[in-house]
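Engineer: To start, I am sharing the structure in question, which I have written as structure tokens.
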Amino acid sequence: MNINFEGKRILVTGAGQGIGKEIALRLSKYKGQVFALSKTKQNLDNLVAIDPKIQPICVDLRDWNTTRKVVQSILPIDLLVNNAAVACLTPFLDATPNEFDLTFDVNVKAAFNVSQIVVKNMIERKCSGSIVNISSQAGQVALKDHAVYCMSKAALDMLTKTMALEVGPHNIRINSVGPTVVMTEMGKLGWSDSQKAQSMINKIPLGRFADVDEVVDPVVYLLSDRSSMINGACLPIDGGFLAT
């Protein structure tokens, strides 16, 4: 399948490392003008060293007003990937207000904020567009010690659906992908213990965790015109985990 994003301006949040970094690199490889957003300048410097065509944006997404100003300064944006996320893996009884606020600020509120700016501009320009939110299988099923994280990803999936309902008439598509564990730095936080990891793998019919490229490929597809009739979908990338 030949996919080309030439002439498209694409914003990827949380692009400094992990899945977001690989999404940014792939979209640039497919000739999109990529704006990579991260709060960590060193990560952005490392990314631009790999691909100097990528435009770095250093901002803390928890800062609502500064984020709005920065995103507005790079408009128009044609395609958006809300990838930025944090994981505070604490048992329900021990979770703190700070962990709750941090998780929802980054995983939900930031996606809401950035999408609001981008979509309003799309509508003003009378242009079609596509947004992909990076969710998780944790948005669909409870995982031990993931109470706050699971709630945030469930909220992101519902944001995906409500946005799809409201902005679909403007030919703007909103979808999410829900990967199983991917052994990025974030993945290692919860699953570096081999016994715990094996207990999860045993529940995945394909018998393994996902590779980063296996998340990037569906994101690219959902951003592209090849998925022009897909809107409001929450696509599992979980090797069949949710089917069990």
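Engineer: Can you give the charge dipole size of region 140-185 about its Cα centre, rounded to the nearest 20 debye, using +1 on the beta carbon of Lys and Arg and -1 on the beta carbon of Asp and Glu?
Structural biologist: Roughly 120 debye, rounded to the nearest 20.
Engineer: Taking amide H positions as placed 1.01 Å from N in the peptide plane, with prolines and chain starts having none, which residues 5 or more places from Cys234, or on another chain, fall under 5 Å of its amide H?
Structural biologist: Ser176
Engineer: So if I take the alpha carbon set of region 111-244, get Rg, then get Rh from the Kirkwood formula, what is the Rg over Rh ratio?
Structural biologist: My calculation puts Rg/Rh at 1.02.
Engineer: Putting +1 on Lys and Arg Cβ atoms and -1 on Asp and Glu Cβ atoms, find which of Pro52, Gly18, Ala142 reaches farthest to the positive end of the dipole of the chain.
Structural biologist: It is Pro52, whose Cα lies furthest towards the positive end.
Engineer: Ok, one more. Sort Cys127, Cys150, Cys88 so the one with the fewest other Cβ atoms within 10 Å of its own Cβ comes first.
Structural biologist: Placing the least packed residue first, the sequence is Cys127, Cys88, Cys150.
Engineer: Show the residues, 5+ positions off or on another chain, whose built amide H is closer than 5 Å to the amide H of Ser130.
Structural biologist: Counting only residues 5 or more places away or on other chains, the set is Leu80, Arg173.
Engineer: In addition: About its Cα centre, how strong a charge dipole does region 30-120 have in debye, to the nearest 20, once Lys and Arg get +1 and Asp and Glu get -1 at the Cβ?
Structural biologist: Here region 30-120 has a charge dipole of around 420 debye.
Engineer: Give me the net charge of Glu214's neighbourhood, meaning all other residues with Cβ under 15 Å from the Cβ of Glu214; Lys, Arg count +1, Asp, Glu -1.
Structural biologist: Its environment carries a net charge of -3.
Engineer: Oh, and also: In whole Hz, what ³J(HN,Hα) sequence does region 60-76 give by Karplus (6.51, -1.76, 1.60; θ = phi - 60°), x for Gly and Pro?
Structural biologist: 8, 4, 6, 8, 4, 6, 5, 4, 4, 4, 5, 5, 4, 6, 10, 4, x
Engineer: Using only the alpha-carbon atoms, how far is helix 213-223 inclined from the longest principal axis of the chain? Give it as 0 to 90 degrees, nearest 10.
Structural biologist: Orientation of helix 213-223: about 40 degrees from the principal axis.
Engineer: Ok, one more. About the Cα centre, and with charges only on the beta carbon of Lys, Arg (+1) and Asp, Glu (-1), how big is the dipole of the chain? Nearest 20 debye, please.
Structural biologist: Charge dipole of the chain: 560 debye, to the nearest 20.
Engineer: Here is a follow-up. Calculated from the structure, Cα extents along the principal axes in Å equals which of (i) 50, 38, 38; (ii) 47, 42, 39; (iii) 63, 44, 35?
Structural biologist: (i)
Engineer: A further question on this structure: Can you tell me which lysines have their Cα less than 27 Å from the Cα of Lys120? Leave out same-chain residues fewer than eight positions away.
Structural biologist: Partners found: Lys8, Lys21, Lys31, Lys39, Lys53, Lys69, Lys109, Lys153, Lys161.
Each value in this text was obtained by applying a stated rule to the coordinates, not by laboratory testing. What you are looking at is a predicted structure, and each value in this text was computed from that prediction instead of being measured. All Cβ positions, even for glycine, are placed from backbone atoms using ideal geometry, and neighbour counts span all protein chains on display.
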